1. With bins 10 Å wide starting at 0, give me the P(r) of segment 72-146 over every alpha carbon pair, in whole percents.
2. To the nearest 20 Debye, how big is the dipole of segment 88-172 about its Cα centre, given +1 on the beta carbon of each Lys and Arg and -1 on that of each Asp and Glu?
3. Quick one, can you get me the convex hull of the C-alpha atoms of segment 30-92 expressed as volume per residue in Å³?
4. Would you mind working out the magnitude of the charge dipole of the chain relative to its Cα centre, with +1 at each Lys and Arg C-beta and -1 at each Asp and Glu C-beta, to the nearest 20 Debye?
5. How much mean residue ellipticity at 222 nm does the chain get from its helices, if each DSSP H run of length 4 or more adds -39500 (n - 2.57) and you divide by all residues, to the nearest 500 deg cm²/dmol?
6. How many lysine pairs in segment 7-201, separated by 8 or more positions in sequence or lying on different chains, have Cα atoms less than 29 Å apart?
7. For ALA105 and ASN166, calculate 0.36 nm times their separation in residues minus their Cα-Cα distance, and state this gained length in nm to one decimal.
8. With unit charges on the beta carbons (Lys and Arg positive, Asp and Glu negative) and the dipole taken about the Cα centre of the chain, which residue among PHE175, GLN161, GLN30 sits farthest to the positive side?
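No value in this document is a laboratory result; all are computed from the given coordinates. Just so you know, these numbers come straight off a predicted model, no measurement behind them. Heads up, the Cβs are rebuilt from the backbone with ideal geometry, glycines too, and the neighbour counts pull from every protein chain shown.
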Amino acid sequence: MPLPKEPAALANVLEVSIVRFLVERAEHEQGVTVRVGTERGYPDLEFSGERFGGGFHAIDIKAARRKLLKRSPPRETQSRITLYTGNTYFAWPDLRWPGMFRPFADYESHLDVLVIYTLEPDAMERATDIEVVVQEPWRIASKERSSTTREYIGAVTQLDQLREGNGDFESEEGFYEYWRAYEFRMPKALKAQLRKLIEQQKGGRPGR
């Protein structure tokens, strides 16, 4: 059966395939525990166990299509990869938000597995020249959102920067300082949810 031509559906198939592969490999390893996250939660995979020296580690899978050029090889992704949702768990890392196993701050490390591909609508496999890149999110982060309508933190778009982990920040501290100071929009429903989470988990009022 051919894979879907629609980019979003194809990206979802690729991401699910990588998740399945990693889970199957982890199940055959001693001292490794893996949990699969929800579709809209964070992270996609949570690793823990003796092999990692204890603690919890977040793995997110990101499929990204190359932007094709007429006269030269692709140099960037079609759109910015989304690294985090900026106005929920990233902004309030000590709270356990819906769709998460635990608070963002409880993870000892965060890794992104990037699946970079070329869309070939006429090919049976649809996705060709697949390249897998593994980076810490802050290393490939930009100072731009990945969406004009949603509160997402975006990655750099240049392929070489993604491969080399050469984003817009010189340090992890600089990344968190910049994006945690960013004025993300907070709709009324989200503010109400935040208040409820704080009351349930902290017994107090919001305070960053």
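1. Cα pair-distance distribution for segment 72-146, in percent: 15, 38, 28, 16, 3.
2. Details: 8 positive and 17 negative charges, 83 e Å.
Rounded to the nearest 20 debye, it is 400 debye.
3. On the way: hull volume 8.5 nm³, N = 63.
Normalising the Cα hull of segment 30-92 by residue number yields 136 Å³.
4. Values: 31 positive and 32 negative charges, 217 e Å.
Once rounded to the nearest 20, the dipole reads 1040 debye.
5. Numbers: 4 runs with 50 residues, N = 208.
Value at 222 nm, helices only: -7500 deg cm²/dmol.
6. Values: LYS62/LYS70; LYS62/LYS143; LYS62/LYS191; LYS67/LYS143; LYS70/LYS143; LYS143/LYS188; LYS143/LYS191; LYS188/LYS196.
Summing the qualifying lysine pairs gives 8.
7. Details: separation 61, 0.36 × 61 = 21.96 nm, distance 2.40 nm.
Extra length from ALA105 to ASN166 when fully extended: 19.6 nm.
8. Of the options given, the answer is PHE175.
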